[in-house]
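To start, the structure itself, in structure tokens.
The values are calculated or read from the model by the stated rules, or taken from the named source; none is laboratory data. Please read all numbers here as calculations on a predicted model, not as lab measurements. When we count neighbours, we look across all protein chains shown, and the Cβ atoms used for this are built from the backbone with ideal geometry, even at glycine. These accessible areas exclude ligands, DNA and RNA; they are computed on the full protein's heavy atoms, side chains included. Shrake-Rupley method; radii C 1.70, N 1.55, O 1.52, S 1.80 Å.
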Amino acid sequence: MDEDKMMRDDADEKLVNDAFQRLLDSYLASRHRKKVDIITKAFNFARQAHKGVRRLSGEPYIMHPIAVALIACEEVGLGSTSICAALLHDVVEDTDYTVEDLANIFGPKIAQIVDGLTKISGGIFGEQASAQAENFKKLLLTMSEDIRVILIKICDRLHNMRTLASQPANKQYKIAGETLYIYAPLANRLGLYKIKSELENLSFQYEHPEEYNSIKEKLKNTEAQRHELFDSFTAPIEESLRQMGIKYEIKERVKTPYSIWTKMQNKHVTFEEIYDILAVRIIFTPARREEEINECFNIYVAISKIYKSHPDRLRDWLSHPKANGYQALHVTLMSKQGRWIEVQIRSDRMDEIAEQGFAAHWKYKEGEENEEYTEDENELNDWLRTIKEILDDPQPDAMDFLDAIKLNLFASEIFVFTPKGEIRTLPAGCTALDFAFSIHTFLGSHCIGAKVNHKLVPLSHKLESGDQVEILTSKSQHVQPAWINVVSTAKAKAKIQAVLRRDNREMQKKGEDLVSEFLKKNNIENTPAVIDQLAMFHDVSRREDFFLALGEKTILLGEKDIDELSGRNSGGGKKGWRKLVPFLGRSKGQGARDKDQERELFTVPEKFNRKKPIYISEENIGQYKFKHCCHPIPGDDILGYIDNKHQIEIHKRACPVADKLKSGFGNRILDAKWNMHKQMFFDATIRLQGIDRVGILMDVSRIISSQMNVNIHKLTFNSEDGVFDGSIELRVHDRENVGEIMSALKEVEGLQEVMQIM
């Protein structure tokens with residue numbers, strides 16, 4: 001036995017040493033200053049701290065910090081400070097060492113980053129608290145001190161996703177859901193395109209394994225066809241670039257399974273109907289760095305002579321890079337096979353920044369020997385400033401906060417000009433009011449309108465790239481509650497809510513003073529019960545709303561209020577009490593029925609094994625709650641969620657509500673599977689669009705009723721100018737049924753689009 005243990009220890013020792021050597025080799029191959037001693041010191045310290053601990057996969061725990069450090073070095077391009085922090089990132093959380101210990105041994109900067117990473121992971125949250133959203137808040141708070149905290153956290157998440165197979169299914173859904181909801185958009189915003197794509201694909205693989213494998217298989221089967229198209233398309237381009245004397249590389253970029261699946265869902269198309277799976281990337285090394293933008297345009301001119309370009313699909317991110325630093329020129333060309341193909345033109349520097357993000361910027365600063373960039377040196381400043389402003393007045397609900405930040409994470413960008421010609425980057429779909437708040441809170445608060453390209457427009461006017469915007473203000477203007485629906489950026493929403501809350505507090509105070517004065521004047525004692533009775537008398541349920549209404553003078557106190565209160569005080573007027581406790585009016589029978597209904601639903605016991613899947617069959621389907629947000633039916637990828645009543649809700653894994661639940665309440669997620677035998681029927685709705693003709697409705701109903709032997713529950717059809725739009729509600733056994741019906745309907749002449757509605 002001892003011999004086996006010694007052999008295992010020796011194997012572990014070799015595994016760990018080899019992994020660390022790979023990390024050192026990668027670091028030494030980079031252009032960072034070679035601080036090998038401190039990295040070795042951090043490795044030895046972390047190894048000792050985690051000694052004897054293993055991960056779920058069975059390997060020594062130290063393998064995880066080494067892997068995170070390797071991702072930080074190789075894939076994000078960070079240096080020794082980040083590598084040391086990555087090696088030490090779990091020490092404070094999982095061992096007895098403190099941040100002070102690390103500061104004494106490794107210095108304040110490494111300790112500060114590890115402290116930031118610990119704050120994100122640690123913390124005790126109540127059952128009702130949204131732990132992941134709170135973590136996200138902490139992430140952003142610590143990020144404002146040092147951007148490396150968030151970069152290392154993304155590296156940590158990437159390694160956890162790569163090793164997710166060792167986790168039970170309910171944990172897989174929680175972690176994959178969080179990754180899609182938070183970490184992939186963050187990686188994208190930070191310019192880490194490669195990592196963002198891998199995070200999305202890994203999440204997709206665990207949440208929808210069948211769809212993932214199906215798309216992978218189809219990509220493999222169409223590979224030879226794609227190579228052929230790529231070779232024939234690029235041959236004349238390569239010839240042209242050689243004649244120009246450009247040092248270049250041409251790469252084939254294939255759409256990821258996740259982005260293919262997303263497009264299939266959004267556009268309601270099959271894999272075969274997606275035409276932009278292939279794109280071409282031209283990466284060149286400029287003769288002189290300052291000429292790289294001109295060279296991009298020279299290449300564009302040259303290839304436009306070979307192929308016809310699409311006039312509406314030229315994307316210029318050269319002069320005005322995206323907020324995450326991305327620079328390139330995108331052009332769509334018509335191939336000889338009659339297919340539009342996107343060509344991305346970028347220099348080697350632009351390519352590295354596109355793949356590695358901001359961490360690659362420092363490499364191209366001539367003559368600088370800095371080990372890593374600092375926060376002040378990069379374009380993230382504006383974004384960080386926005387986040388800091390939102391954090392100064394955080395939303396009461398952490399999930400609202402998360403959604404506000406996501407608005408900005410996902411948004412594509414437009415460029416607008418100030419009256420002085422300065423460029424501002426804003427999310428697409430933003431309004432003149434968003435622009436006003438992006439410049440200054442005062443400007444937004446007093447905005448009455450704007451001039452866009454010298455024409456007068458309202459606050460709600462949507463801006464487009466290239467617009468020149470001048471904001472018009474008035475001192476008499478104040479923030480209106482309706483403005484929240486006019487703006488779309490997180491910053492503007494946060495500012496409006498902050499001003500409204502401040503105004504409301506002032507109005508509530510005014511209302512409190514008015515009611516105090518009124519009660520004092522009429523010799524009535526000022527108690528919470530009296531205030532509640534007055535509020536109920538005016539049909540207002542919350543005390544704060546009552547004070548606000550008094551302050552705004554939408555409620556006025558008078559004789560009737562005194563009658564109401566004296567009726568209560570004398571014991572003669574039961575009316576006031578009835579208003580205070582309206583819920584006493586429910587009949588006994590109703591209450592008993594409610595209890596019976598609750599008894600039918602399965603209640604999760606205290607010692608319930610959350611790692612095991614729940615199986616939904618014909619016998620137990622009535623014990624679970626099927627929510628209207630996504631209408632899951634047998635065959636859908638599903639999960640369970642334990643609600644506040646300890647009952648189980650069933651959602652599709654791709655449901656937007658489930659996305660929030662995975663991110664906010666991951667510890668309540670269960671793996672759920674179907675065990676149905678085509679005995680029960682479920683509702684499904686199919687939408688049809690196409691060219692109207694005589695008999696098309698008959699063909700559709702014939703296929704469904706006769707050919708497929710399916711019962712049509714409801715049929716709605718509208719026809720206008722020769723185009724029809726309709727929906728059919730069917731009773732089906734499962735998702736397979738729906739797929740068969742949709743395939744059959746696609747054969748009907750005139751039907752252009754057949755899709756399932758959630």
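Mind checking which residues of region 202-225 are under 34 Å from the mean Cα position of the chain (by Cα) and among the small types (Gly, Ala, Ser)?
Residues satisfying the conditions are SER203, SER214.
Picking from THR262, THR332, which residue would you name as being assigned to a helix (DSSP H, G or I) and either touching an Asp or Glu at 6+ places or on another chain (Cβ under 9 Å) or modelled with pLDDT of 85 or more (or both)? Lay out the reasoning, then the answer.
Numbers: THR332 fails: assigned to a helix (DSSP H, G or I).
Just a single option satisfies the conditions, and that option is THR262.
Could you grab me the full set of residues in region 633-647 that are closer than 16 Å to LEU661 by Cα, out of contact with any Pro (no Cβ under 6 Å at 6 or more places or on another chain) and open to solvent by less than 20 Å² (accessible area, probe 1.4 Å)?
Here is the first cut: in region 633-647, the residues closer than 16 Å to LEU661 by Cα are 637-647.
Okay, now just the ones that are also out of contact with any Pro (no Cβ under 6 Å at 6 or more places or on another chain), so 637, 639-647.
If the condition is that a residue be closer than 16 Å to LEU661 by Cα, out of contact with any Pro (no Cβ under 6 Å at 6 or more places or on another chain) and open to solvent by less than 20 Å² (accessible area, probe 1.4 Å), then LEU639, GLY640, TYR641, ILE642, ASP643, GLN647 are the ones that fit.
Counting only residues that are touching a residue at least 24 places away in the same chain (Cβ under 8 Å) and under 15 Å from MET350 (Cβ atoms), which one in region 313-322 is least open to solvent (accessible area, probe 1.4 Å)? Give the steps one after another, and end with the answer.
Residues of region 313-322 that are touching a residue at least 24 places away in the same chain (Cβ under 8 Å), as a first pass: 313, 318-322.
Filter once more, keeping what is under 15 Å from MET350 (Cβ atoms): 318-322.
On the way: LEU318: 2, SER319: 70, HIS320: 60, PRO321: 48, LYS322: 67 Å².
Here the answer is LEU318.
When the residues of region 612-631 are filtered to those that are within 20 Å of GLN172 (Cβ to Cβ) and under 28 Å from the mean Cα position of the chain (by Cα), which remaining residue is surrounded by the fewest Cβ atoms within 10 Å (Cβ to Cβ)? Talk me through it step by step, then tell me what you get.
The initial filter retains those residues of region 612-631 that are within 20 Å of GLN172 (Cβ to Cβ), namely 612-616, 630.
Next cut, under 28 Å from the mean Cα position of the chain (by Cα) only: 612-614, 630.
Values: LYS612: 12, PRO613: 14, ILE614: 22, CYS630: 19.
Once the filter is applied, the top-ranked residue is LYS612.
Filter region 713-738 down to residues that are touching a strand residue (DSSP E or B) at 6+ places or on another chain (Cβ under 7 Å) and loosely packed, with under 14 Cβ neighbours inside 10 Å and give me whichever is farthest from THR685 (Cα to Cα).
The residue in question is GLY722.
For region 332-350, name all the residues that are out of contact with any Lys or Arg (no Cβ under 7 Å at 6 or more places or on another chain) and β-branched (Val, Ile, Thr).
ILE341, VAL343, ILE345
Which ones in region 142-152 are part of a helix (DSSP H, G or I) and open to solvent by less than 20 Å² (accessible area, probe 1.4 Å)?
Matches in region 142-152: THR142, MET143, ILE147, VAL149, ILE150, LEU151, ILE152.
Quick one: count up the residues across region 723-743 that are touching a Lys or Arg at 6+ places or on another chain (Cβ under 6 Å) and among the charged types (D, E, K, R).
First, pick out the residues of region 723-743 that are touching a Lys or Arg at 6+ places or on another chain (Cβ under 6 Å): 727, 729, 733.
Imposing the further condition that a residue be among the charged types (D, E, K, R) reduces the set to 729.
Of the residues in that region, 1 qualify.
Okay, residues lined up against (1) farther than 18 Å from ILE150 by Cα; (2) modelled with pLDDT of 70 or more; (3) of a type in the set (A, V, I, L, M, F, W, C):
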| position | (1), (2), (3) |
| --- | --- |
| PHE284 | yes, yes, yes |
| ILE299 | yes, yes, yes |
| ALA302 | yes, yes, yes |
| ASP316 | yes, yes, no |
| VAL343 | yes, yes, yes |
| GLU355 | no, yes, no |
| TYR364 | yes, no, no |
| THR374 | no, no, no |
| LEU391 | no, no, yes |
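Among the numbered criteria (1) surrounded by 19 or more Cβ atoms within 10 Å (Cβ to Cβ); (2) over 26 Å from THR285 (Cα atoms), which single criterion is violated by GLU217?
GLU217 satisfies every listed condition except (1).
Filter the helices (runs of 4 or more DSSP H) completely within region 29-127 down to those with at least 1 residues that are hydroxyl-bearing (Ser, Thr, Tyr) and either open to solvent by less than 10 Å² (accessible area, probe 1.4 Å) or in contact with a Phe, Trp or Tyr (Cβ under 9 Å, 6 or more places away or on another chain) (or both).
Because the criterion is at least 1 residues that are hydroxyl-bearing (Ser, Thr, Tyr) and either open to solvent by less than 10 Å² (accessible area, probe 1.4 Å) or in contact with a Phe, Trp or Tyr (Cβ under 9 Å, 6 or more places away or on another chain) (or both), the helices (runs of 4 or more DSSP H) in region 29-127 that meet it are 36-49, 80-87.
For region 681-698, indicate whether the set of residues that are surrounded by fewer than 17 Cβ atoms within 10 Å (Cβ to Cβ) and either more than 30 Å from GLU749 (Cα to Cα) or of a type in the set (Phe, Trp, Tyr) (or both) is non-empty.
There is at least one residue in region 681-698 that is surrounded by fewer than 17 Cβ atoms within 10 Å (Cβ to Cβ) and either more than 30 Å from GLU749 (Cα to Cα) or of a type in the set (Phe, Trp, Tyr) (or both).
Taking region 671-680 only, how many residues are open to solvent by 50 Å² or more (accessible area, probe 1.4 Å) and of a type in the set (D, E, K, R)?
2
So, in region 479-511, exactly how many residues are polar (S, T, N, Q), without any contact (Cβ under 8 Å) to a residue 60 or more places away in the chain and in contact with a helix residue (DSSP H, G or I) (Cβ under 8 Å, 6 or more places away or on another chain)?
So the count comes out to 2.
Look through GLY116, GLY123, GLY191, GLY177 and report the one residue that is in contact with a helix residue (DSSP H, G or I) (Cβ under 9 Å, 6 or more places away or on another chain), small (Gly, Ala, Ser), within 30 Å of GLU736 (Cα to Cα) and modelled with pLDDT under 90.
The match here is GLY177.
Is there a residue being open to solvent by less than 30 Å² (accessible area, probe 1.4 Å), of a type in the set (S, T, N, Q) and more than 17 Å from the chain's Cα centre (by Cα) anywhere in region 187-201?
Step one: list which residues in region 187-201 are open to solvent by less than 30 Å² (accessible area, probe 1.4 Å), which gives 187, 190-192, 195, 197, 199-201.
Next, only the ones that are of a type in the set (S, T, N, Q) stay: 197, 201.
Filter once more, keeping what is more than 17 Å from the chain's Cα centre (by Cα): none.
No, because not a single residue in region 187-201 is open to solvent by less than 30 Å² (accessible area, probe 1.4 Å), of a type in the set (S, T, N, Q) and more than 17 Å from the chain's Cα centre (by Cα).
Sort through ARG668, ARG702 and tell me the only one that's among the basic types (Lys, Arg) and open to solvent by 30 Å² or more (accessible area, probe 1.4 Å).
Only one candidate passes the filter, namely ARG702.
Conditions (1) surrounded by 12 or more Cβ atoms within 10 Å (Cβ to Cβ); (2) farther than 13 Å from GLN344 by Cβ; (3) without any contact (Cβ under 8 Å) to a residue 40 or more places away in the chain; (4) touching a strand residue (DSSP E or B) at 6+ places or on another chain (Cβ under 9 Å), marked per residue:
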site: ILE283; (1), (2), (3), (4): yes, no, no, yes
site: GLU295; (1), (2), (3), (4): yes, yes, no, yes
site: VAL301; (1), (2), (3), (4): no, yes, yes, no
site: ILE306; (1), (2), (3), (4): yes, yes, no, yes
site: PRO311; (1), (2), (3), (4): no, yes, yes, no
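With (1) open to solvent by 10 Å² or more (accessible area, probe 1.4 Å); (2) under 24 Å from GLU207 (Cα atoms); (3) at pLDDT below 85 as the list, and LYS662 as the residue in question, which single condition is left unmet?
(1)
What's the number of the only condition in (1) modelled with pLDDT of 90 or more; (2) more than 30 Å from ARG668 (Cα to Cα); (3) in contact with a helix residue (DSSP H, G or I) (Cβ under 6 Å, 6 or more places away or on another chain); (4) among the aliphatic types (A, V, I, L, M) that VAL254 fails to meet?
Tallying (1) modelled with pLDDT of 90 or more; (2) more than 30 Å from ARG668 (Cα to Cα); (3) in contact with a helix residue (DSSP H, G or I) (Cβ under 6 Å, 6 or more places away or on another chain); (4) among the aliphatic types (A, V, I, L, M), VAL254 fails exactly one: (3).
Go through region 226-247 and report how many residues are surrounded by fewer than 17 Cβ atoms within 10 Å (Cβ to Cβ), over 34 Å from the mean Cα position of the chain (by Cα) and of a type outside the set (Asp, Glu).
9
Residue by residue through region 271-281, note down the ones that are surrounded by 12 or more Cβ atoms within 10 Å (Cβ to Cβ) and not in a helix (DSSP H, G or I).
Correct list: ILE274, ASP276, ILE277, LEU278, ALA279, VAL280, ARG281.
Kindly indicate the residue of region 131-172 that is among the aliphatic types (A, V, I, L, M) and either under 26 Å from LEU639 (Cα atoms) or touching a Cys at 6+ places or on another chain (Cβ under 9 Å) (or both) and also modelled with the lowest pLDDT among those meeting that condition.
ALA131
Select from region 393-441 the residues that are touching an Asp or Glu at 6+ places or on another chain (Cβ under 6 Å), modelled with pLDDT under 80 and either closer than 19 Å to GLN468 by Cα or crowded, with 22+ Cβ neighbours inside 10 Å (or both) and list them in ascending order.
Within region 393-441, THR425 is the sole residue that qualifies.
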